[in-house]
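Participant: Can you read through this structure? Questions will come right after.
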Amino acid sequence: MGPFLIVLIIALVVLAMSVRIVPEYRRLVVFRLGRCVGARGPGIIFLIPFLDRGVSVDLREVYFDVPPQTCITADNASVSIDFLVYDKVIDPERSVLEVENFTGAARGLAITTLRAVVGAMALDDVLSKRDEINRILHEKLDDVTDRWGIRVMAVEIREVVPPRDIAEAMTRQMAAERTRRATVTEAEGKREAAVTIAEGDKKSGDSQGGRIAASHHPAIGRRPASRDFARGRLRVGAQRDLQGGAGRRQQDIDAAIPGGAQGARPG
C-alpha cells in the first residue's frame, strides 16, 4: 500500500501541473523549454509537466493612476497635474515578450509625455484645454504602446492645480471681470430706460402740439362761422322765394277776374 499511495500522489501532482482552466477574460501564453508556443485559452488547457510553463494575461480593460506631477509651462509657470490612463491588452504574446511590466512602462511613458505636452503650452491653455491635452496624450501613448500589444483606450486629466499665488491672482481677475460686467449691464439698463422715457415724452409732446395747432388753424377756426352764415343765407332766400311766389299768385288771380279788383274797391 505504501508504494501505491506514493505513485497516486505523484500522479495527482502531475495532473494538477498539466491541466489549467483559463477563464474567458484571460489567455495563457505557453513557453515550452523556454520557447513561446503561443497563447492558449479559454477553457481547459493541457501542459506537459516540467516542460511547459504558462504565463496568464488579463484581457480586460484596466487603469492606473499617475500621481500628481509638477510640470513647467511655456510661460514658466508650474502646475501640478494628475490623471488616469485606461489601457487594454490586445496581443497577449507581445505583452509578455516585448515588455516586462507594461503597466509600469506605460506609467513612466505617460509622465514624460505629459511634461513634454504641458511644456509646449501656456498656462491659460493648460487650464482651459484639458480635452486637447487628453487627446495629445492619448495619441502619443497609443503610438508607443502599440508595439507592446497594448492599446490605450483613454486618458483623463483629473485635476490641474496652479501655484497659490497664481490661483489668487486668477480669483481677483475673475472678481474684477464680474464687477465690470455688472457695471456695464447696469449702465446699459439705465441708458435704455432713459431712451425709452425720452421717446415717450417726445410722442406725448407731438400729440399735444397737434391738437393746439388744429385749434388755432384759420380754416378750422372759421368753419363754424361759415356754416352759420350759409345756413342764414339759405333761410333768407327761402323766405324771399315764398313772398315772391305769393305775390305772383295774387297777380294771376287779379288778371283772371276782370274788374274784380276794381269792383271790390268801391264796395
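Participant: Among the residues of the stretch 147-169, is any charged (D, E, K, R), within 14 Å of Ile81 (Cβ to Cβ) and free of Cβ contacts under 8 Å to residues at least 12 places away in the same chain?
Facilitator: Looking for residues that are charged (D, E, K, R), within 14 Å of Ile81 (Cβ to Cβ) and free of Cβ contacts under 8 Å to residues at least 12 places away in the same chain, one finds none in the stretch 147-169, hence no.
Participant: Turning to a different aspect of this structure: Quick one: would you say Ile166 is surrounded by 16 or more Cβ atoms within 10 Å (Cβ to Cβ) and of a type outside the set (Ser, Thr, Tyr)?
Facilitator: Against the criterion (surrounded by 16 or more Cβ atoms within 10 Å (Cβ to Cβ) and of a type outside the set (Ser, Thr, Tyr)), Ile166 does not qualify.
Participant: Same structure, new question: Name the residue, out of Tyr86, Tyr25, that is of a type in the set (Ser, Thr, Tyr), more than 30 Å from Arg164 (Cβ to Cβ) and assigned by TED's automatic domain parsing to the domain that holds Arg130.
Facilitator: Tyr86 is the lone residue from the list that is of a type in the set (Ser, Thr, Tyr), more than 30 Å from Arg164 (Cβ to Cβ) and assigned by TED's automatic domain parsing to the domain that holds Arg130.
Participant: Does Ile157 fit the bill of being within 26 Å of the chain's Cα centre (by Cα), surrounded by 16 or more Cβ atoms within 10 Å (Cβ to Cβ) and in the same structural domain as Val89 (by TED's automatic domain parsing)? I'd like the intermediate steps shown before the answer.
Facilitator: Details: within 26 Å of the chain's Cα centre (by Cα): yes; surrounded by 16 or more Cβ atoms within 10 Å (Cβ to Cβ): yes; in the same structural domain as Val89 (by TED's automatic domain parsing): yes.
Answer is yes for this residue.
Participant: Next question, about the same structure. Restricting the search to the stretch 57-83, which residues are touching an Asp or Glu at 6+ places or on another chain (Cβ under 9 Å) and either within 24 Å of Ala167 (Cα to Cα) or among the polar types (S, T, N, Q) (or both)?
Facilitator: Val66, Pro67, Pro68, Gln69, Thr73, Ala74, Asp75, Ser80, Ile81, Asp82, Phe83, listed by residue number.
Participant: Still on this structure, please answer the following. Restricting the stretch 80-103 to residues that are at pLDDT below 90 and of a type in the set (Val, Ile, Thr), which is surrounded by the most Cβ atoms within 10 Å (Cβ to Cβ)?
Facilitator: Here the residue is Val99.
Participant: Which condition number does Phe50 fail, the rest of (1) at positive phi; (2) modelled with pLDDT of 90 or more; (3) among the hydrophobic types (A, V, I, L, M, F, W, C) being met?
Facilitator: Among (1) at positive phi; (2) modelled with pLDDT of 90 or more; (3) among the hydrophobic types (A, V, I, L, M, F, W, C), Phe50 violates only (2).
Participant: Please verify whether Val66 is part of a strand (DSSP E or B) and either out of contact with any Ser or Thr (no Cβ under 6 Å at 6 or more places or on another chain) or among the aliphatic types (A, V, I, L, M) (or both), treating the condition exactly as stated.
Facilitator: Yes: the conditions hold for Val66.
The values are calculated or read from the model by the stated rules, or taken from the named source; none is laboratory data. Quantities reported herein were computed from a predicted structural model and do not represent experimental measurements. Cβ sites come from the backbone with ideal geometry, for glycine too, and all protein chains shown count toward neighbours.
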